[in-house]
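Data first, discussion second: the structure below is written as structure tokens.
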């Protein structure tokens with residue numbers, strides 16, 4: 001993997017990072033990383049933000065710009081949008097809703113089979129994150145140390161479809177809620193379609209909700 005690709009991967013999955021952190025992760029000098037960042041900045045694919053430090057000079061953090069999305073974009077976006085338009089024209093909005101519901105139902109069956117032997121929320125989310133990553137969502141889980149978790153999706157391979165029809169996003173949230181409804185409450189806290197760099201789903205065990 002080329003250095004620029006690794007930088008994209010790190011910034012996509014971890015959010016804004018300093019040159020020093022990037023250099024440590026890539027096993028490069030800070031000067032070498034700066035040269036790559038400068039090139040990407042000229043291409044309008046990264047941007048920096050200087051944050052005040054407790055002492056000394058501000059610390060510079062680097063992040064991806066919306067233009068960098070093309071680096072991760074699905075190659076079939078245009079075809080997907082055309083197919084959605086065709087379904088609407090031929091079968092109407094109800095036909096598109098049926099298609100989305102069918103996709104949700106098929107995913108629910110597959111996910112339930114994969115999670116059948118997993119019992120704790122962490123075990124289920126670990127498998128779910130693997131399934132989602134295999135589908136292109138670059139998913140990870142995060143322990144909030146209060147008993148709740150985050151399922152983080154750093155990329156959306158169906159972004160073009162979801163932008164064209166928000167019911168795809170509704171369906172995905174409903175899928176997670178249905179999949180975990182007997183043990184946890186699931187809510188979407190960050191949303192790529194609304195301008196966030198990732199989709200973040202908070203998963204709160206029912207036991208915690210009962211005793212709050």
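Summary of values
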read-out	value
Residues located in region 1-24, provided they are in contact (Cβ under 8 Å) with a residue 60 or more places away in the chain and part of a loop (DSSP other than H, G, I, E, B)	15
Pair list, Cβ < 9 Å and 6+ apart or interchain, from region 46-65 residues that are in the same structural domain as residue 10 (by TED's automatic domain parsing) and assigned to a strand (DSSP E or B) to residues that are surrounded by fewer than 10 Cβ atoms within 10 Å (Cβ to Cβ) and at pLDDT below 90	50/57; 59/52; 59/53
Residue in region 113-136 that is in a helix (DSSP H, G or I), at positive phi and in the same structural domain as residue 177 (by TED's automatic domain parsing) present	no
Test for residue 107: is it in a helix (DSSP H, G or I) and not assigned by TED's automatic domain parsing to the domain that holds residue 65	yes
Single residue of region 80-104 satisfying the filter (under 20 Å from residue 156 (Cα atoms) and out of contact with any helix residue (DSSP H, G or I) (no Cβ under 9 Å at 6 or more places or on another chain)) that is surrounded by the fewest Cβ atoms within 10 Å (Cβ to Cβ)	102
Some residue of region 193-204 being in a helix (DSSP H, G or I), free of Cβ contacts under 8 Å to residues at least 40 places away in the same chain and within 20 Å of residue 142 (Cα to Cα)	no
Some residue of region 165-175 being part of a loop (DSSP other than H, G, I, E, B) and either assigned by TED's automatic domain parsing to the domain that holds residue 199 or modelled with pLDDT under 95 (or both)	yes
Pairs where the first residue, in region 141-168, is more than 21 Å from residue 203 (Cβ to Cβ) and the second is not in a helix (DSSP H, G or I), C-beta under 7 Å, 6+ apart	157/74; 157/135; 157/136; 157/137; 160/74
Single unsatisfied condition, residue 44 versus (1) crowded, with 16+ Cβ neighbours inside 10 Å; (2) under 27 Å from residue 4 (Cα atoms); (3) in contact with a helix residue (DSSP H, G or I) (Cβ under 6 Å, 6 or more places away or on another chain); (4) at pLDDT 90 or above	(1)
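The values are calculated or read from the model by the stated rules, or taken from the named source; none is laboratory data. Not measured: the values here are computed from a predicted model. Cβ: placed from backbone, ideal geometry, glycine included. Neighbour counts: every protein chain shown.
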